[in-house]
Amino acid sequence: MRARRSCLAVPGSNPRMLDKARTLPADHVFLDLEDAVAPLAKEGARANVVAALREGGWDGKTRAVRVNDLSTPWTYRDVIEIVEGAGDHVDCLVLPKVRDAGQVIWVDTLLTQIEKTLGLPIGGIGLELQIETAGGLVEVDAIAAASERADALVFGPADFMASLNMPSLAVGELSPDYPGDPFHYVLMRLLVAARSHDLQAIDGPYLQIHDVAGFTASARRSAALGFDGKWVLHPGQIEAANEVYSPSAEAFDRAELILDAYEHATSEAGGALGAVMLGDEMIDEASRKLAQVIAAKGRAAGLRRATASPPPPARG
Ligand code: GLV
Ligand code: MG
């Protein structure tokens with residue numbers, strides 16, 4: 001799985017921002033042809049995005065392009081021009097406002113035809129599917145299952161709030177009038193659908209770009225559920241995202257310790273035990289699975305153990 005802790009939105013109509021994005025420490029960039037680009041600038045944006053991808057310099061980053069949604073006249077030309085122009089420089093397409101599985105299959109088929117024509121690896125270009133309408137959420141399981149190309153489900157809070165008629169302009173924010181998190185259901189629904197199809201789950205944007213504390217609080221809510229990352233709209237949000245979606249050094253060390261201790265406990269030398277005490281905590285196979293999640297996120301984030309596991313107790 002590619003790292004997607006911070007997914008940087010870059011308007012395809014802005015060559016200066018396209019240049020700058022290369023230098024920023026985001027795990028993932030998506031060059032946008034959709035809502036950050038005005039209708040009159042759509043065609044020019046395609047050419048900018050192709051040029052930016054071909055110029056390179058994106059080393060280590062996942063390179064995505066967000067095409068327009070299927071209710072517009074632009075999607076087919078977006079896909080054709082981007083993939084014909086820079087198909088070997090793009091890791092995935094982001095499909096916004098996905099309504100049902102049929103839309104995903106349509107893009108998958110078009111991609112396969114272009115890949116065949118160009119001699120690119122079939123299925124090499126992945127898909128990130130934005131869930132940002134009531135209808136998309138109702139269909140989320142079928143959408144997640146629709147294509148082998150799918151890498152991630154992505155929440156789109158701004159469009160989702162509009163789709164639900166939520167009476168708020170504060171995108172992704174808690175409401176003083178609601179005693180809980182108004183986004184809990186959609187985040188959890190999307191996460192369950194993503195995990196049941198081995199996909200990543202990515203949270204959407206936080207629009208108050210200078211309020212890093214607000215961004216961090218919003219990111220912590222989805223990270224606490226298990227989300228893998230969040231969109232960032234401004235360089236100032238990148239570091240916060242990378243930190244929030246990585247485990248703390250303490251949690252990482254503890255997870256590695258549990259893995260070592262449990263591996264030893266279940267081995268012949270450790271007595272082939274299924275449940276053992278580690279300090280004050282009883283650990284078993286389910287603890288190993290949980291620890292594996294934290295350890296994998298930590299290793300992907302480049303964390304190193306600060307403390308080694310103590311040697312296993314001598315037996316006999
Ligand atoms: C993102 O696309 C959103 O609508 O929030
Ligand atoms: Mg949107």
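Observations, loosely collected:
- Amide H within-cut-off set for Trp231, under 5 Å, with H built and near neighbours excluded: Cys7, Asp203, Gly204
- Mean ellipticity per residue at 222 nm, deg cm²/dmol - from DSSP H runs of n ≥ 4 across the chain, formula -39500 (n - 2.57): -13500 deg cm²/dmol
- Mean-square fluctuations from a GNM of the chain, with a 10 angstrom spring cutoff on Cα atoms, peak among Val276, Val104, Val212 at Val276.
- The stretch 1-23-the stretch 247-270 distance, computed between alpha-carbon centres (Å): 37 Å
- When peptides 143-156, 68-81, 284-297 are sorted by average Cβ neighbour count within 10 Å, with the highest value leading, the order is 143-156, 68-81, 284-297.
- As a calculated quantity, the FRET efficiency between Thr23 and Met1 at R0 = 22 Å, using C-beta atoms, amounts to about 0.35.
- In this calculation the C-beta distance from Leu164 to Thr72 is compared with R0 = 22 Å, giving a FRET efficiency of 0.55.
- Mean separation of Cα contacts under 8 Å (6+ apart) over length of the chain, as relative contact order %: 14 percent
- Overall Cα dimensions of the chain - principal axes, largest extent first, Å: 77, 54, 37
- The stretch 249-300: relative contact order as a whole-number percent, Cα under 8 Å and 6+ apart: 41 percent
- The residues of the chain expose on average 48 square angstrom of accessible surface per residue, using a 1.4 Å probe on protein heavy atoms.
- Using 0.36 nm per residue and subtracting the Cα-Cα separation, the extra length available between His184 and Ile80 on full extension is 33.8 nm.
- Solvent-accessible surface (1.4 angstrom probe) belonging to His210, in square angstrom, nearest 10: 150 Å²
- For the chain, the antiparallel share of DSSP beta bridges with both residues in that region comes to about 10%.
- Span-rule helices in the chain, defined as complete DSSP H runs reaching 24 Å or more along the axis (Cα) with Kyte mean at least 0.0: 101-118
- Apportionment of accessible area to carbon and sulfur, the chain, percent (1.4 Å): 56 percent
- Label point distance in nm, Leu40-His89, each placed 7 Å from Cα along Cα→Cβ: 2.8 nm
The values are calculated or read from the model by the stated rules, or taken from the named source; none is laboratory data. What you see is a predicted model, and the numbers here were worked out from it, not measured in a lab. Because the Cβ atoms are built from the backbone with ideal geometry, glycine has one as well, and the counts that use them run over all protein chains shown. For the accessible areas, the whole protein counts, side chains as well, though only heavy atoms, and no ligand, DNA or RNA atoms are used. Shrake-Rupley method; radii C 1.70, N 1.55, O 1.52, S 1.80 Å.
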